[in-house]
Amino acid sequence: MSQEAYLTINLKSLAHNYNVLRSKINGETLLIAVVKANAYGSDGVKIAKELSALGTDYFAVAYASEGINLRKAGIKKPILVFYPQKGQLEKLIEYNLEPALYSKEIIHSFLALVNKNTLNKYPVHLKCNTGLNRIGISINELNEVLNILDESSLEVKSVYSHLGASENKKPCAFTKKQIESFELIKKQILKRYKNPPKLHLLNSSGIFNYPELKYDAVRTGIALYGFANRTEWDAELKPIAKLSAPLCQIHHLNKGESVGYNQGWVATKNSIIGVIPVGHADGIGRQYGNGIGTVQINGKPASIIGNVCMDMLMIDVSAIDCKTGDEVVFFDENTTAVDFTASANTISYEILTGLNNRIKRVYI
């Protein structure tokens, strides 16, 4: 094996997940594939091309730069930008990206640019805040905002909101309140427009938990990559990514000798430790050190010991028959990113999106 780390991306698993999600919505409901954060740490361009071939209707990214990368790579389908910033607005127009308008300030700034460029019916989306209290137009502002948009050169393609606890078991009082708020928004939209913009509320977990609320579109990110935030839902999906690296050196330690910076681990008996060329610069944070994280080598678990270094980490292989060059697996389809992150009290999203680009991406 080459002396470098690999993120192996299974494109058949991506197709499987896409088809599972499609099976949960009807043919009229748009599927918006979320490929922000480099397609959740995999490869934004490659994944978008695969999803385009599978029939994805729409893409969504967080910021303009991500949408620009997709356009430069030849992606033609509509791209929704969730969180456009004022300094990015001109680029949205240049690359035909569709902004989510989430504040009156952003609306006025973008409208001024559209008018300056004498554009008509430029596609935009309206993000409403129903309780997550992150970004979005409040219900109290909605009528005023719609009046501005109706008299503008913008065309509202969709109105949407985001659930903050869609994976929680039902009944969930918080989600119920958000749904009720969105239903009020829906009534206002349907009353106002003969041909209303599309409505969407559900994210990945919501597709599984609230299929009756699919409205005109759904947005799915993490589920495309194999996770849906509940064990029984995860069972329907296949994680697309496997993170592995070779064992690059083995040391035999005497009792009392230490491992790593600040003597983070001290051998309580004669021990064998292995070194792996992955560290916190690659996205395996220091929280996984000192016995918290576990990897798999030759089918057996090995604890990460000492403090995780920038480019390396060490594991205890005292009870494992192994040699340099053997593959060490952090997570795959069997021992998943959910399993790996659980011991560090974090989530699959964080480990996946934090993987550095110096980890080589390969595709099967």
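Key figures for this structure:
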item	result
Among 40-46, 30-36, 329-335, the order from most to least packed when residues are scored by Cβ within 10 Å on average	30-36, 40-46, 329-335
³J(HN,Hα), Karplus 6.51/-1.76/1.60, whole Hz, each residue of segment 190-202, x for Gly, Pro	5, 5, 7, 10, 5, 10, x, x, 5, 10, 8, 9, 7
Fraction of beta bridges assigned by DSSP in the chain that are antiparallel (%, nearest 5)	50
Built amide H within the under 5 Å cut-off of residue 328, gap 5+	245, 247
Nearest-0.05 FRET efficiency for residue 180 and residue 358, computed from C-beta distance (R0 51 Å)	0.60
Fully extended contour minus Cα-Cα distance, from residue 192 to residue 155, at 0.36 nm per residue	11.9 nm
Packing-based exposure ordering (other Cβ within 10 Å, fewest first) of 265, 233	233, 265
Set of aspartates and glutamates near residue 46 by C-alpha distance (under 15 Å), chain-local residues within fewer than 8 positions excluded	66
Largest-first principal axis extents, alpha carbons of segment 249-307, Å	31, 29, 19
Whole-Hz couplings from phi, Karplus 6.51/-1.76/1.60, listed for segment 327-344; x for Gly and Pro	6, 10, 10, 7, 7, 7, 6, 8, 9, 7, 4, 5, 4, 5, 7, 4, 5, 9
Segment 241-363 - charge dipole about Cα centre, Lys and Arg +1 at Cβ, Asp and Glu -1, debye rounded to 20	160
Taking 212, 94, 236 and counting other C-beta atoms within 10 Å, the order from fewest to most	212, 94, 236
Greater than 26 Å apart at Cα, pairs in 198/238; 24/198; 77/121; 242/323; 242/300; 49/169	198/238; 49/169
Most positive-pole-ward Cα, 44, 99, 162, against dipole of segment 11-234 from beta carbon charges	44
For segment 1-67: relative contact order, % (alpha-carbon pairs under 8 angstrom, 6 or more apart)	34
Proxy reagent accessibility, fewest Cβ within 10 Å first, across 309, 128	309, 128
Amide H contacts under 5 Å for residue 363, placed H, 5+ residues apart	9
Between helix 139-150 and the chain: long-axis angle, C-alpha atoms, 0 to 90°, nearest 10	60
Segment 11-234: relative contact order as a whole-number percent, Cα under 8 Å and 6+ apart	20
Proximal aspartates and glutamates relative to residue 360, as straight alpha-carbon distance under 16 Å, when same-chain residues fewer than 8 apart are discounted	4, 43, 282, 311, 327, 332
Mean ellipticity per residue at 222 nm, deg cm²/dmol - from DSSP H runs of n ≥ 4 across the chain, formula -39500 (n - 2.57)	-9000 deg cm²/dmol
Cα convex hull of segment 154-200 - mean projected area over all directions, nm²	3.7
Amide proton proximity set for residue 34, modelled H, under 5 Å, gap of 5+	60, 220, 221
Ranked packing of 339-346, 242-249, 117-124, most packed first, by mean Cβ within 10 Å	242-249, 339-346, 117-124
³J(HN,Hα), Karplus 6.51/-1.76/1.60, whole Hz, each residue of segment 151-157, x for Gly, Pro	9, 10, 8, 9, 10, 7, 7
Cut-off 14 Å between beta-carbons: net charge of the residues surrounding residue 268, Lys and Arg +1, Asp and Glu -1	0
Hull shadow area, averaged, segment 241-363 [alpha-carbon convex hull, nm²]	7.1
Cubic angstrom per residue, convex hull over Cα atoms of the chain	147
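Read-outs: derived from the displayed coordinates by stated rules, not from any lab. The model shown is predicted, which means the values in this text are computed figures rather than measured ones. Reconstructed Cβ throughout: ideal geometry from the backbone, glycine too, with neighbour counts over all protein chains shown.
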